[in-house]
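Only one structure is covered here, and it is reproduced in the block below.
The values are calculated or read from the model by the stated rules, or taken from the named source; none is laboratory data. Because the structure is a prediction, the values reported are computed rather than measured. Neighbour counts run over all protein chains shown; Cβ positions are idealised from the backbone, glycine included.
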Amino acid sequence: MTTPTDGRGAWRKFICLACGYIYDEEFGDPEDGLPAGTRFEDIPDDWQCPLCGVKKSDFEPYDGTEETLNITTPIFNSHKKGIVIIGAGLAGWSVVDAVRALDKDIPVTLICGDSGDRYHKPMLSVAISQGKTPADLVRTSAVQSATDNHVRLLANTFVTHIDTETQTLHTTRGDVGYDDLVLAIGAAPAYPPTIAKDVAHHVNNLHRFDALQKALARDDKPKNIAIIGAGMVGTELAEDLVNAGHQVSLIDVSPRPLSAFLPKVAGERILDAITAKGITWLGFSMVNDVTATPSGYEIALLDCKDNSTRTLSFDEVIVATGLAVDERLPTRAGVDFNKRTGIAVHQHTLQTSVPHIYALGDCISIDGVPCRYVAPHRAQATAIAHEILGVAHSGYEHKAPMIRLKNKSINVTANGNPRADGDWRIVKDDPAELSLEMVDDAGEVIAKALLKSPQS
């Protein structure tokens, strides 16, 4: 803790009423141009919440009391430190499961900024056409799962700082000590700099899925929707929304969907399949601006082929342009962090550069490669549990997961580490099936991709 020297009293905190982010004057927001010690009243009025994008006017003073957040989640009483997990997605709950499989009694505390309910995030991009509500997608409530696993649950709680010397977390519900800490903080949508967070939806969590679903239900009329980003999530979501009766335009700077890891011949086949479903493809298009209007939104597009511009109108806008890990918490704790790939961890133990702090899931990278798929989470959790509890284990061995596009218009699977610019060879190419292999310099197969028509 530092002592203010500006003669303006003690450091203060301010809470975002939209998402619960805490602005702490002591630490500032250096990543967005606010050095440590920046007083809240000195922040420019156009500053945005780093997490959700709302304006400074949507913050209010925060005094650290529980009443500020209207906490209702029960808490197990335990004065022991034990294991503390930050994040209640699949990764965080997988650590709970792995620990309890080995030790039924060690104190476990789970801290999360939302309700902490257990659900399968990949389902969010295909759930709207099925009429699924957020409640339908919840597999187990956080309270029930915490009760079953004898976990102290601090839901709707935000960690503002990690004190590694005292092994204490400063949170919006007071200080929490730990013997071992697990970061399962995930990754958030990476909004392009030309798109403000408050003008576009995303579906990276259950809360934002709920907001999108409610927006689409207004007036009970089909919507004209723009999806920015044609990776896996954007491509899946585009087809799901068309199946739900909406008009969808899929926008990407690349000429084809999934252009980051599949070659031209595969991307063109996917493009043919989704346009046949009625999706409007706007490739080679860069979004210069998104502006809210009385009737919806206007998107200014730059044609990357001829540098021409045009403006299109939509009812709703969704961003699906990749993920980024929020660096504030790990970097302030001294944890090795790469802005592009996330928290660096040991390849077998998943320990960070700081003793007694581990990490897993979407927030980590191994040997400089991010781990942004669901499949490895349970194996990572198992390795961490064994390491913390001192139980013999072979350690985590990272294996490239199977990648599967959930579109019904075309079946797409890939394994290994596919890259669009790799050395790809066609194994089979007919209307029903496209099979590809990517080889290394020695001619060894290091990735495969299989595309099949739904009738085959």
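Please indicate, with yes or no, whether at least one residue in region 352-368 is in contact with a helix residue (DSSP H, G or I) (Cβ under 7 Å, 6 or more places away or on another chain), assigned to a loop (DSSP other than H, G, I, E, B) and either within 21 Å of Val95 (Cβ to Cβ) or acidic (Asp, Glu) (or both).
Yes, region 352-368 contains at least one residue that is in contact with a helix residue (DSSP H, G or I) (Cβ under 7 Å, 6 or more places away or on another chain), assigned to a loop (DSSP other than H, G, I, E, B) and either within 21 Å of Val95 (Cβ to Cβ) or acidic (Asp, Glu) (or both).
Would you pick out the residues in region 369-393 that are hydroxyl-bearing (Ser, Thr, Tyr) and assigned to a loop (DSSP other than H, G, I, E, B)? So that I can check it myself, show each step before the final result.
Step one: list which residues in region 369-393 are hydroxyl-bearing (Ser, Thr, Tyr), which gives 373, 382.
Within region 369-393, just Tyr373 meets the criteria.
Would you confirm whether any residue within region 335-358 is under 30 Å from Thr280 (Cβ atoms) and either surrounded by 21 or more Cβ atoms within 10 Å (Cβ to Cβ) or more than 23 Å from the chain's Cα centre (by Cα) (or both)? Lay out the reasoning, then the answer.
As a first pass, look at region 335-358 and keep what is under 30 Å from Thr280 (Cβ atoms): none.
No, because not a single residue in region 335-358 is under 30 Å from Thr280 (Cβ atoms) and either surrounded by 21 or more Cβ atoms within 10 Å (Cβ to Cβ) or more than 23 Å from the chain's Cα centre (by Cα) (or both).
Look through region 143-174, keep the residues that are in a strand (DSSP E or B) and charged (D, E, K, R), and return whichever of them is farthest from Arg100 (Cα to Cα).
Keep residues of region 143-174 that are in a strand (DSSP E or B), which gives 152-154, 159-163, 168-172, 174.
Applying the additional criterion that residues be charged (D, E, K, R) yields 152, 163.
Details: Arg152: 13, Asp163: 26 Å.
Per the criteria, the residue is Asp163.
Being in contact with a helix residue (DSSP H, G or I) (Cβ under 9 Å, 6 or more places away or on another chain), outside the structural domain of Ala344 (by TED's automatic domain parsing) and assigned to a strand (DSSP E or B) narrows it down to one residue among Val233, Val242, Val287, Val317; which is it?
Values: Val233 fails: assigned to a strand (DSSP E or B); Val242 fails: assigned to a strand (DSSP E or B); Val287 fails: in contact with a helix residue (DSSP H, G or I) (Cβ under 9 Å, 6 or more places away or on another chain).
Every option except Val317 fails the conditions.
Please go through (1) touching a residue at least 40 places away in the same chain (Cβ under 8 Å); (2) surrounded by fewer than 17 Cβ atoms within 10 Å (Cβ to Cβ); (3) closer than 15 Å to Asp210 by Cα for Lys104 and return the number of the only condition it doesn't satisfy.
Of everything listed in (1) touching a residue at least 40 places away in the same chain (Cβ under 8 Å); (2) surrounded by fewer than 17 Cβ atoms within 10 Å (Cβ to Cβ); (3) closer than 15 Å to Asp210 by Cα, Lys104 misses just condition (3).
If you go through region 115-137, how many residues are charged (D, E, K, R), buried (at least 17 other Cβ atoms within 10 Å of the Cβ) and part of a loop (DSSP other than H, G, I, E, B)?
If we filter region 115-137 for residues that are charged (D, E, K, R), which is where we start, we get 117-118, 121, 132, 136.
Then drop every residue that is not buried (at least 17 other Cβ atoms within 10 Å of the Cβ), which leaves 117-118, 121.
Remaining after also requiring part of a loop (DSSP other than H, G, I, E, B): 117.
Summing the residues that are charged (D, E, K, R), buried (at least 17 other Cβ atoms within 10 Å of the Cβ) and part of a loop (DSSP other than H, G, I, E, B) in region 115-137 gives 1.
Restricting to region 244-293, count the residues that are among the basic types (Lys, Arg) and touching a Gly at 6+ places or on another chain (Cβ under 8 Å).
1
In region 326-351, what residues are within 17 Å of Gly395 (Cβ to Cβ) and either in contact with a Lys or Arg (Cβ under 8 Å, 6 or more places away or on another chain) or not in a strand (DSSP E or B) (or both)? Walk me through it before giving the result.
Just the residues of region 326-351 that are within 17 Å of Gly395 (Cβ to Cβ), to begin with: 344-351.
Once the filter is applied, which keeps residues that are within 17 Å of Gly395 (Cβ to Cβ) and either in contact with a Lys or Arg (Cβ under 8 Å, 6 or more places away or on another chain) or not in a strand (DSSP E or B) (or both), region 326-351 yields Val345, His346, Gln347, His348, Thr349, Leu350.
Consider region 284-306. How many of its residues are surrounded by 15 or more Cβ atoms within 10 Å (Cβ to Cβ), out of contact with any Leu (no Cβ under 6 Å at 6 or more places or on another chain) and aliphatic (A, V, I, L, M)?
Qualifying residue count for the region: 5.
Could you list, in sequence order, all residues of region 395-413 that are loosely packed, with under 15 Cβ neighbours inside 10 Å, more than 18 Å from Ala432 (Cα to Cα) and touching a strand residue (DSSP E or B) at 6+ places or on another chain (Cβ under 8 Å)?
Within region 395-413, just Met402 meets the criteria.
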